[in-house]
1. Take the alpha carbon atoms of the range 177-198, find their center, do the same for the range 312-326, and report the distance between the two centers in whole angstrom.
2. Taking N as the number of residues in the range 12-106, what is its Cα Rg relative to 2.2 N^0.38 Å?
3. Please check: in the Gaussian network model of the chain (C-alpha springs, under 10 Å), which one of A78, A243, A256 has the largest mean-square fluctuation.
4. Roughly how large, in nm² to one decimal, is the mean projection of the convex hull of the alpha-carbon atoms in the range 68-112?
5. Averaged per residue, what accessible area in Å² does the chain show with a 1.4 Å probe, protein chains only?
6. What does the convex hull of the alpha-carbon atoms of the chain project to on average, in nm²?
7. Springs between alpha-carbon pairs under 10 angstrom, Gaussian network model over the chain: which of P61, P31, P129 fluctuates most?
8. Using Cα-Cα distances under 8 Å and only pairs 6 or more residues apart, what relative contact order does the chain have, in percent?
Amino acid sequence: MATDRNAAVFGAYGHTGRFVVAELRERGYVPLALGRDPDKLLTLERAHPGLETRQASVDDPASLDRALDGAAAVINCAGPFASTAAPLVEAAVRAGIPYVDVAAEIEANLDTFAHFAERARAAGTVVVPAMAFYGGLGDLLVTAAMGDWPAADEAHVAYGLSSWHPTAGTVASGVVSGQRRSGRRVRYTGGQLEYHDDALPTLEWPFPAPLGPQSVIGEFTMADVVTIPSHLAIPEVRTYMTAKAAEELSAPGASAPTAVDERGRSAQTFVVDVLVRSGGTERRVVAAGQDIYAISAPLAVEAVDRILTGRTRTTGVASAGAAFDAGDFLRALSPHLSLHFPLDVRG
Ligand SMILES: NC(=O)c1ccc[n+]([C@@H]2O[C@H](COP(=O)([O-])OP(=O)(O)OC[C@H]3O[C@@H](n4cnc5c(N)ncnc54)[C@H](OP(=O)(O)O)[C@@H]3O)[C@@H](O)[C@H]2O)c1
C-alpha cells in the first residue's frame, strides 16, 4: 500500500545504498530496495528481514514504473549516474514523485539540470542532484556562509580527508567522467566551466586545528562547481583535496572502505573547510565528521524528509542550497556532523 513513508532506493545493495536504507529505517521510513540484480536483492532481503525489494533496470522503463509504484520519493544511489540518472529522473517525473541522487559526476549533474528543469517544474515535483558529501554538503556550507550576501567574488571548498578508500562505484564513476571529458581536466572560473590540460597545483591549505595545515591538490574539481553556481552568483568556485587522499584515490587497485563501527562506517574522517570572499571580507564555515559515504545517507534522507514535509523552497531541478534553508538543514545534521558556526567574518 502506498504511504508517504515509502521511499525507494535505487542501487540499494551498493555501499552507499545500504547506508541510505539504514538511515531511512532509523527515520521511520519504509525503504523499498531497488536494484538490477535479483541475486543481490535476495542477499539484501535475507540480511534485513521485512525489507521489500524490487528488481528494475534502467533499460526497461516499465520495470522502473513498477518499482516506483507506491513510493513517495526515490533516492538514486546507483552510479555511474551517466547511465542511471536520466532514466530514474524520467520515471520519477512520470510518477510525479521527488527524486534525489548522490551523483558526484560533474557532467551527469549538469545533464540533470539541463534536461529536466522544465519537466520537473511542470510536474510540480523537485529533483535534487548531488545530494551527498560531494556537491551537496559543500553547497549547503557555502550557502550558509554567504548568509545575506547576494553575490561573492570567490568560494573555496577544501576537503581534508584523512584517507580515501574508494568504492567500486566511485572508481567507475571517475572513469566514466574522465572519458566524457576526453581525459581533460575541468575547473570553474570566470563564471563557467573550463576544460583544460594544465597540471594541477599543490599548495598548503590552513585547515583549522586539530587537522591543521595540509598539502592539498588545487583545482581538484568536484560536483560543487555544478551545484554552487546553479543558484549563487560566484564567478570563481574552487575545490581542493588533501594530497594523500587524492593519491589514494588514483592508486591502481585502491582498496575499498572497511567498517570499523556498528553503523558500518570506516575510520576515515573529514573536514570540509569553506571560505567565501567578497571584496575584502571573508566568511568561513567548517564541518567535520566520519566517513564520506556514510554521511551521504543523512544528507539524502534529510532532503527527502524536507521535501515530503513541505520544507523545500522550489520545484524543478535544484541543488541542496537552493532547495532548502541551508543553516537549518546543517543544524539538523548535528548528530552526524560537527559544525563550526557562527561565521568567522573578517573585514
Ligand atoms: N556525491 C557524493 O559524495 C557521493 C557519495 C557516495 C556515493 N557517491 C556515488 O554513488 C555511486 C555509488 O557509490 P557506492 O559507494 O554505493 O558504490 P558501490 O558500492 O560500488 O555500488 C554501486 C551501485 O550502483 C549500482 N549500479 C551501477 N550501475 C548501474 C546500472 N547501470 N544500473 C543499475 N544499477 C547500477 C550497482 O549495482 P550492481 O552491483 O548491480 O552493478 C551498485 O548497487 C557512485 O557513483 C559514487 O561516486 C557519491
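The values are calculated or read from the model by the stated rules, or taken from the named source; none is laboratory data. None of these values were measured; they are calculated from a predicted model. A quick note on method: Cβ atoms are made from the backbone with ideal geometry, for glycine too, and the neighbour counts reach across all protein chains shown. Areas reflect the complete protein model, heavy atoms only, side chains present, ligands, DNA and RNA absent. Shrake-Rupley method; radii C 1.70, N 1.55, O 1.52, S 1.80 Å.
1. 26 Å
2. Rg over 2.2 N^0.38 Å, computed on Cα atoms: 1.00.
3. Result: A256 has the largest fluctuation of those listed.
4. Numbers: hull surface 11.2 nm².
Result: a mean projected hull area of 2.8 nm².
5. So the chain comes to 41 Å² accessible per residue, rounded to a whole number.
6. Its average projected convex-hull area is 16.6 nm².
7. Looking only at P61, P31, P129, the biggest GNM fluctuation is shown by P61.
8. 20 percent
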